[in-house]
Structures are given as C-alpha cells and as structure tokens.
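Everything on this sheet refers to the single structure shown next.
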Amino acid sequence: MRLFVSVDLPEELTEPVADLQTEFDDASGLNFTDPEQAHVTLKFLGDVDEDRIPPLADELEVAVDDSGVDPFTVRYGGLGVFPSLEYISVVWLGVETGGEELAELHESIEGRTTAMGFDPEAHDFTPHVTLARMEHAGGKDLVQDLVRESNDADGEEFTIGETRIEEVRLTESTLTSDGPVYSTVESFSLE
C-alpha cells in the first residue's frame, strides 16, 4: 500500500482550490491535482506492507498525542513552487496560519516513523497544498508571474479560506489511469 500522513481540506474549500487552479489555465505543461483530494502532506511513507499498518497506526497515534497539538485553524493562501522559480516541478498553495502546529505534528510523526525504519525527509518541511506538477516548462513564465504577484501584493486574492483541523489521517494513494485516488486507512484525533 502506498501511504502518506495528511490533514485534508474540507469539501467547502474544493471550489476555491479549483478556482485558484484556473488562474494557471493558460500555463502549458501543468498537470493539476484533483481539488476534491486537496491536503497537506505531513509525511510521505511510500510503499508499506499491510502487516506494518497496525504498528504504524499505533506509532502515529502516539506521535499525534506527543505533539501536544490541540485542534487548530489553518488559513490557506499565497502561492509557491518547488524547488525554485527557475526550475519549477510543483506549484503549491501555502499556509498563512497554522503552520507552526503543522510543523509540530510533522516533527513528531517524523521522529516516530524514522524510528520504525521509514526514510527521513530529504528537505525541510514546508506546509503546502499541491495545486499542480509541471511536466514541461512551456508555461513557466506565467507561473513565475502569478507566484511573484501573490508574494508582492497583500495576498488577499490568493487567500482561499480556512478550516479547523481536528484530526490527522493515514491515507492510501492508489494510482489509476485517471490519477491517484485517496482513501483514509486510519484517523487520529487531536483531542
């Protein structure tokens, strides 16, 4: 099973995410994510044998409890790219508030999962919602302009809303010809 740990955006933010993606319609080379599956990945685990899921779930429950994070609000806004504006592979929606709590959850989950033998993250944690992946640089200039514009202005036009985070999910990603399909394996309450 291909797994990751996430906090999911609620259904009411699906349309605002889709609307934001339309800003990039004229940028060729982008492969958009499904706005109905929008989420912040706290930890990508990769392929995991089914027999590892019960102990993994136990460790994730401890990690969420040990993080000390209570239910909190995340406000989504601002645009960014990975790894840089010169070489774009991912276009993302940022986190304006709630990033500290997401980072605390990530750190606690990272500690528990690496102790179990999962690979440590190769880069610093940046809470984000992936909007699109860039397959070729045809639309690079438009993407660069939109990202710069969102960072130069007050960002109001790129704020899409906020949500209360009350749980963390262990999510399975099943790859299909129409793109990945996500399903919740376990959820862990912040209360």
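Here, each number is a calculation from the coordinates, and none is a lab measurement. Note that the coordinates shown come from a computational prediction; the quantities given were computed from them, not determined experimentally. For neighbour counting, all protein chains shown are included, and Cβ atoms are generated from backbone atoms with ideal geometry for every residue, glycine included.
Which whole-Hz ³J(HN,Hα) couplings does segment 175-187 yield from phi under the Karplus relation 6.51 cos²θ - 1.76 cosθ + 1.60, θ = phi - 60°, glycine and proline marked x?
Result, rounded to whole Hz: 7, 10, 5, 9, x, x, 10, 9, 9, 7, 8, 8, 10.
Working from Cα positions, state the angle (0 to 90°, nearest 10) between the long axis of helix 99-115 and the longest principal axis of the chain.
Relative to the chain, helix 99-115 is tipped by roughly 50 degrees.
Would you mind getting the Kirkwood hydrodynamic radius of the chain from its Cα pairs, rounded to one decimal in Å?
17.3 Å
Just 84, 173, 150 to compare: in a GNM of the chain, with alpha carbon springs under 10 Å, which one fluctuates most?
Its mean-square fluctuation being the largest, the pick is 84.
Under a Cβ-only charge scheme (Lys and Arg +1, Asp and Glu -1), can you give me the dipole magnitude of the chain about the Cα centre, in debye to the nearest 20?
Charge dipole of the chain: 500 debye, to the nearest 20.
What list of ³J(HN,Hα) couplings, whole Hz, do you get for segment 119-129 from phi and the Karplus terms 6.51, -1.76, 1.60, once you set θ to phi - 60° and write x for glycine and proline?
5, x, 4, 8, 9, 5, 6, 10, x, 7, 10
If I take every Cα pair under 8 Å that is 6 or more residues apart in the chain, average their sequence separation and divide by the length, what percent do I get for the relative contact order?
It rounds to 34 percent for the chain.
Using +1 at the Cβ of each Lys and Arg and -1 at the Cβ of each Asp and Glu in the chain, identify which of 38, 103, 80 lies farthest towards the dipole's positive end.
80
Once you charge only the Cβ atoms, +1 for Lys and Arg and -1 for Asp and Glu, what is the size of the charge dipole of segment 59-153 about its Cα centre, to the nearest 20 debye?
That gives a dipole near 460 debye.
Which Cα, out of 113, 131, 57, lies furthest along the positive dipole direction of segment 50-146 (beta carbon charges, K/R +1, D/E -1)?
131
Could you give the size of the charge dipole of segment 102-176 about its Cα centre, using +1 on the Cβ of each K and R and -1 on the Cβ of each D and E, expressed in debye and rounded to the nearest 20?
Rounded to the nearest 20 debye, it is 340 debye.
Output ³J(HN,Hα) for segment 32-48: one whole-Hz value per residue in order, computed from phi by the Karplus curve 6.51 cos²θ - 1.76 cosθ + 1.60 with θ = phi - 60°, and x for Gly and Pro.
7, 7, 6, x, 6, 10, 5, 7, 10, 7, 8, 6, 8, 9, x, 6, 10
Give the long-range amide H neighbours of residue 96: residues separated by 5 or more places, or on another chain, with amide H under 5 Å away, using H modelled in the peptide plane at 1.01 Å from N.
Close amide H contacts, sequence-distant or interchain: 75, 76, 77.
Neighbour counts of other C-beta atoms within 10 Å: give me 183, 177 arranged from fewest to most.
Going from sparsest to densest Cβ surroundings: 177, 183.
Check residue 72: other-chain or 5+ apart residues with amide H under 5 Å from its amide H, H built from backbone geometry?
Answer set, sorted by chain and number: 165.
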